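Below is one structure; the comments refer to it alone.
The values are calculated or read from the model by the stated rules, or taken from the named source; none is laboratory data. As the structure is a computational prediction, the values presented were derived from the model and not from experiment. Ideal geometry is used to build each Cβ from the backbone, glycine not excepted, and the neighbour counts take in all protein chains shown.
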Amino acid sequence: MRILLAILWAILLVLAAWGLAVGLLLATPQELAMLLGFAGFMLLGSRLVWGYGAIGAFAEAVSRGENPDRAPAEAGSQQAEAEKLSVETLLGFWLAALDPYRYAFMAVYVLLFLISLALKLVLPVTSIWGWITGSSLIEGVFWGASVAALLVWTLGAVAAAQVAELAKKPAANAS
């Protein structure tokens, strides 16, 4: 059975690689710019994605009554005496420690939005001028970045909601 699953997995990977190669060969420059914008902003927001994911997993484990390892939460909260804090406070500090990265991510996103908006509204949109300035490519980067920003924003909202829900429960979760 394992050999059959390994063969099926290998076939799936080969088909995925073939589809990606064909897709990249047939993609327009705007689609490639969108893919580049998505990849770049996911790279920029990777600390946020992993941080919010870890916060969500930790909060979910605590809400189920499990006793997860506090070491990642203590390291993520960046507090001197984190081992003395309650779980809810520790998660709040961990969430707050990600704020500088969130602000930097959103600042770069807003800057890209303003550049894209300026190219769309201020510059004349003739085909030659758009080709010279690459306004359609910048718009593609913006839409790719928008998908990544939506993903980061959603993960942040879910993590904050889980921490808030955990803080509403009685103090039985303190350890």
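Below, the figures for the structure above:
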{"item": "Pair list, Cβ under 9 Å, 6 or more apart: segment 18-36 residue within 18 Å of Ala145 (Cα to Cα), other residue in a helix (DSSP H, G or I) and of a type in the set (S, T, N, Q)", "result": "Pro29/Ser136; Gln30/Ser136; Ala33/Ser136"}
{"item": "Failed item, numbered, when Val125 is tested on (1) in a helix (DSSP H, G or I); (2) among the hydrophobic types (A, V, I, L, M, F, W, C); (3) at pLDDT below 75", "result": "(1)"}
{"item": "Test: residue in segment 134-157 that is more than 21 Å from Tyr52 (Cα to Cα) and modelled with pLDDT under 75", "result": "yes"}
{"item": "Pair list, Cβ under 6 Å, 6 or more apart: segment 41-61 residue within 13 Å of Val163 (Cβ to Cβ), other residue crowded, with 19+ Cβ neighbours inside 10 Å and polar (S, T, N, Q)", "result": "Gly56/Gln162; Ala59/Gln162"}
